[in-house]
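Trainee: Can you keep this structure in mind? I'll have questions shortly.
The values are calculated or read from the model by the stated rules, or taken from the named source; none is laboratory data. Everything numeric in this text was worked out from a predicted model, so none of it was measured. Note that each Cβ is placed from the backbone with ideal geometry, even for glycine, and that neighbours are counted across all protein chains shown. Accessible surface is based on the protein model in full, side chains and every heavy atom, while ligands, DNA and RNA are left aside. Shrake-Rupley method; radii C 1.70, N 1.55, O 1.52, S 1.80 Å.
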Amino acid sequence: MKRVGVFICHCGTNIAQTVDCEKVAKMAGGLPQVAFSTDYKYMCSEPGQQVIINAVKEHRLDRVVVASCSPRMHEPTFRKTLEKAGLNPYLLEMANIREQCSWVHQDKEKGTAKAFDLVKMAVAKVLKNEPLSRSSIPIHKRALVIGGGIAGIQAALDIADAGYVVDIVEKEPTIGGRMAQIDKTFPTMDCSACILTPKMVDAASNPNINLLTYCEVEKVDGYVGNFDVTIRHKARSVDMNKCTGCGTCWEKCPTRVASEFDMGLGTRKAIYTPFPQAVPNKPVIDRENCLYFKTGKCGVCQKVCPTGAVDYTQEDRLETVRYGAIVVATGFDLFDESVYGEYGYGRYPDIISGLHFERMINASGPTMGKIKRPSDHTEPKTVVFVKCVGSRDEAKGKPYCSKTCCMYTAKHATLVREKIKDSQAIVFYMDVRTPGKNYDEFYQRAVNEYGVQYVRGRVSKIYQSHGKLIVRGEDTLLGRPVEVEADMVVLATAMVARGDAGELARKLGISYDQHDFFTEAHPKLRPVETHTAGVYLAGTCQGPKDIPDSVAQASAAAAKVCALLSREEMPTEPVVSAVNEAVCSGCGLCISICPYKAIELKTISERVHGKTRERQVASVNTGLCQGCGACTVACRSGALNLKGFTNEQILAEVDALCL
């Protein structure tokens with residue numbers, strides 16, 4: 001006969017103020033096959049766990065129910081406790097009487113009654129529990145970082161310094177990401193390139209790091225420790241082994257097009273490197289604009305190349321590599337400012353975004369660091385900054401705060417006042433948010449020392465009149481309309497997820513939120529992990545953040561990768577789906593349902609009426625399965641069952657509550 005122990009946690013007063021824990025423990029003692037029940041103030045504490053261990057031994061318990069907080073919080077803790085007590089850790093059930101009782105009820109009597117119902121259900125289920133055992137899978141000691149911005153570079157350097165080989169896949173011809181476009185960083189006003197370029201060079205020179213630039217992830221198969229990633233090497237039309245980066249080819253190239261790196265404020269050639277400090281500093285041919293690829297004529301770059309590196313016959317190449325872990329650091333895009341038609345972005349050339357302004361004030365930018373109006377290249381005397389363009393605006397933009405706009409706008413306004421002494425910098429704002437070390441001091445310095453004017457209120461309209469931009473808004477502190485004649489307007493646009501984030505998430509089998517930012521496994525306890533084991537997040541692909549936060553998260557993700565790669569094998573969670581092949585019809589519906597690509601069809605042979613026949617049935621890859629149970633719901637024949645949550649166990653809970 002099975003012997004169940006029930007342990008009720010007070011969680012201090014968290015549970016006890018709404019649930020009569022002593023009463024629930026006494027009532028649980030009367031349930032069938034419950035051999036022992038008690039309550040304790042902090043069951044997750046070391047003395048609390050010792051209470052469970054002692055009770056298991058003294059009362060010969062073979063199953064345990066803990067009624068406390070969410071299983072997500074402390075189930076691993078109590079499973080370890082059962083292991084210490086000599087029991088299989090999966091002979092445990094948790095009743096969540098904190099989130100489901102004390103946090104949602106005020107009436108203690110009703111809360112207590114509901115807590116007992118939850119305990120009763122847990123006891124019924126634990127009686128159906130079977131011992132489960134973990135298996136192990138080998139770990140391939142090589143990591144992949146997707147994205148070569150500051151977060152990706154930092155993660156790769158940390159992993160490589162720990163002695164593991166890591167590949168950085170970057171879809172652009174160079175690493176560096178958005179940070180390479182920035183002039184100075186707040187609040188220290190350090191030169192961005194002075195911080196970033198040494199890291200780029202370190203990444204290129206580290207023997208454990210391979211830079212796969214101008215490449216994209218095409219396909220991801222496999223599971224934690226054994227991801228098979230197919231990488232597309234896009235045709236650069238330049239042989240990287242022969243090219244010395246001398247620059248003769250792009251000097252002679254006759255074609256000029258708008259430079260993406262300079263946000264269209266400058267031009268580049270059809271064969272180009274995005275910026276002078278690019279790593280690798282070797283060019284790529286833009287086939288859409290190259291005369292040779294458009295007309296079959298020209299070919300100047302090939303003629304002048306001293307090493308014969310230009311190769312017009314190159315084709316895209318696919319390569320499949322096995323990795324143990326993957327770090328996703330794909331960065332962000334900028335909100336489309338043209339959505340705000342009343343601001344006139346795209347209609348008036350002197351209305352630019354914050355990133356345009358960064359390129360303008362950069363010493364190596366299109367204006368050599370001088371602030372000039374794009375329309376007539378004159379020096380603006382009055383510059384208006386408009387914050388929260390696309391962020392904190394559910395009607396036209398995104399409801400979330402982009403976190404960095406307040407600080408980079410203060411930086412831009414400071415630089416205007418610093419570079420143009422007789423200028424005026426006016427900032428329209430809703431709130432000023434400065435949540436970082438020395439951030440508020442930086443903002444105060446912009447106001448008090450540099451004389452930047454802050455006007456609280458939203459801009460309603462911007463239009464052009466007699467060569468000036470008329471900015472209309474309202475000062476909500478004074479309660480009166482405001483009209484400013486500006487020479488240039490800078491919009492602080494929101495960070496948004498990459499346009500292809502959803503596609504990449506589907507390839508990796510990870511989830512993303514309503515704004516297409518990748519979702520962490522738990523916002524507090526697992527902030528760099530995803531629900532797919534072995535895939536980690538770093539930087540702004542998870543949500544808006546500044547450079548220090550991106551670097552810190554990258555190092556955290558790298559630490560997780562190193563911990564994973566340091567093992568020869570890792571245990572797998574046994575709570576996974578299992579297929580009853582005798583019942584499976586092979587319809588394949590579960591394959592499309594599974595978010596982790598853990599199910600595929602396989603062919604089996606069986607004897608029917610003395611004859612051998614073949615048919616297809618579902619097969620679960622236990623390395624990929626995360627135990628979500630989606631397939632069990634979709635399975636029309638009932639062939640799929642989730643270990644630890646079988647149909648019999650769920651029905652036992654329902655019977656305990658209803659009968």
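Trainee: Using only helices, what value at 222 nm comes out for the chain when you add -39,500 (n - 2.57) per DSSP H run of length 4 or more and divide by the total residues, to the nearest 500 deg cm²/dmol?
Mentor: -8000 deg cm²/dmol
Trainee: Additional query: List the pairs from Lys171/Lys387; Lys23/Lys128; Lys80/Lys602; Lys219/Lys643; Lys234/Lys643 whose alpha-carbon separation is above 32 Å, in the order I gave them.
Mentor: Lys80/Lys602; Lys234/Lys643
Trainee: Which of the aspartates and glutamates could be linked to Lys381 by a straight reach, that is with a Cα gap under 17 Å, when you skip same-chain ones fewer than 8 residues away?
Mentor: Asp350, Glu418, Asp422, Glu483, Glu485, Asp487
Trainee: Now, a different point. Quick one: if the Förster radius is 45 Å, what FRET efficiency do Lys26 and Ser133 give, using the C-beta to C-beta distance and rounding to 0.05?
Mentor: 0.80
Trainee: Just round it to a whole percent: the fraction of Cα-Cα distances in the stretch 207-301 exceeding 23 Å.
Mentor: 36
Trainee: Taking Lys437 as the anchor, which aspartates and glutamates have their alpha carbon closer than 14 Å to its alpha carbon, excluding any fewer than eight residues away along the same chain?
Mentor: Partners found: Asp546, Asp549.
Trainee: Could I ask something else about it? List the relative contact order of the stretch 47-138 as a percent without decimals, with contacts defined as Cα pairs under 8 Å and 6+ residues apart.
Mentor: 31
Trainee: Here is a follow-up. Within the chain, what whole-number % of the accessible surface is contributed by carbon and sulfur, with the 1.4 Å probe and all protein chains included in the calculation?
Mentor: Solvent-exposed carbon and sulfur of the chain make up 50 percent of the total.
Trainee: Here is a follow-up. Which order do the peptides 429-438, 399-408, 488-497, 273-282 take when ranked by the mean count of other beta-carbon atoms within 10 Å per residue, highest first?
Mentor: Averaged packing, sorted descending, gives the order 488-497, 399-408, 273-282, 429-438.
Trainee: At a 10 angstrom cut-off on C-beta neighbours, averaged per residue, how do the peptides 453-460, 54-61 rank from highest to lowest?
Mentor: Numbers: 453-460: 17.0, 54-61: 15.1.
Packing order, densest peptide first, comes out as 453-460, 54-61.
Trainee: Here's another thing I want to ask about it. Could you go through the stretch 362-372 in sequence order and give the Karplus-derived ³J(HN,Hα) for each residue, using 6.51 cos²θ - 1.76 cosθ + 1.60 with θ = phi - 60°, rounded to whole Hz, and x for Gly and Pro?
Mentor: 7, 4, 9, x, x, 10, 6, x, 8, 7, 9
Trainee: How high is the relative contact order of the chain? Use alpha-carbon pairs under 8 Å, at least six apart in sequence, and give a whole percent.
Mentor: Over the chain, the number comes to 13 percent.
Trainee: Could you list which residues have their amide H under 5 Å from that of Gln424, counting only those 5 or more apart in sequence or on another chain, with H placed in the peptide plane?
Mentor: Thr382, Val383
Trainee: Tell me which residues come under 5 Å, amide H to amide H, from Tyr348 once H is placed; ignore anything under 5 positions away on its chain.
Mentor: The list, which skips near neighbours in sequence, is empty: none.
Trainee: Hey, another quick one. Could you pull out the pairs from Lys252/Lys297; Lys41/Lys125; Lys398/Lys419; Lys199/Lys282; Lys372/Lys411; Lys252/Lys294 whose alpha carbons sit more than 22 Å apart here?
Mentor: Pairs exceeding 22 Å: Lys41/Lys125; Lys398/Lys419.
Trainee: Given a 1.4 angstrom probe, what's the average accessible area per residue across the chain, in square angstrom? Let's see the in-between values first.
Mentor: Details: 29770 Å² over 659 residues.
With the other protein chains kept in place, the chain gives 45 Å² per residue.
Trainee: With mean projected area of the Cα convex hull in nm² defined as stated, name the option among (i) 38.9; (ii) 33.7; (iii) 31.1 computed from the structure displayed.
Mentor: Here the calculated entry is (i).
Trainee: Still on this model: With θ set to phi - 60° and the Karplus curve 6.51 cos²θ - 1.76 cosθ + 1.60, what are the ³J(HN,Hα) couplings of the stretch 46-59 in order, to the nearest whole Hz, using x for Gly and Pro?
Mentor: The phi angles translate into 4, x, x, 5, 5, 4, 5, 4, 5, 5, 4, 6, 5, 9 Hz.
Trainee: A follow-up question, please. For Val6, enumerate residues with amide H under 5 Å from its amide H, sequence gap 5+ or separate chain, H modeled in the peptide plane.
Mentor: Phe36, Ser37, Thr38, Val65
Trainee: When the Karplus curve 6.51 cos²θ - 1.76 cosθ + 1.60 is applied with θ = phi - 60°, which whole-Hz ³J(HN,Hα) does each residue of the stretch 308-324 get, with x for Gly and Pro?
Mentor: Per residue, the Karplus-derived 3J(HN,Hα) values read x, 7, 6, 9, 6, 8, 4, 10, 4, 10, 9, 9, 10, 10, 9, 10, x Hz.
Trainee: Next question, about the same structure. Under a cut-off of 16 Å between alpha-carbon atoms, report the lysines in cross-link reach of Lys84, not counting same-chain residues fewer than 8 places apart.
Mentor: Counting by Cα, and skipping residues close in sequence, Lys84 has these lysines nearby: Lys57.
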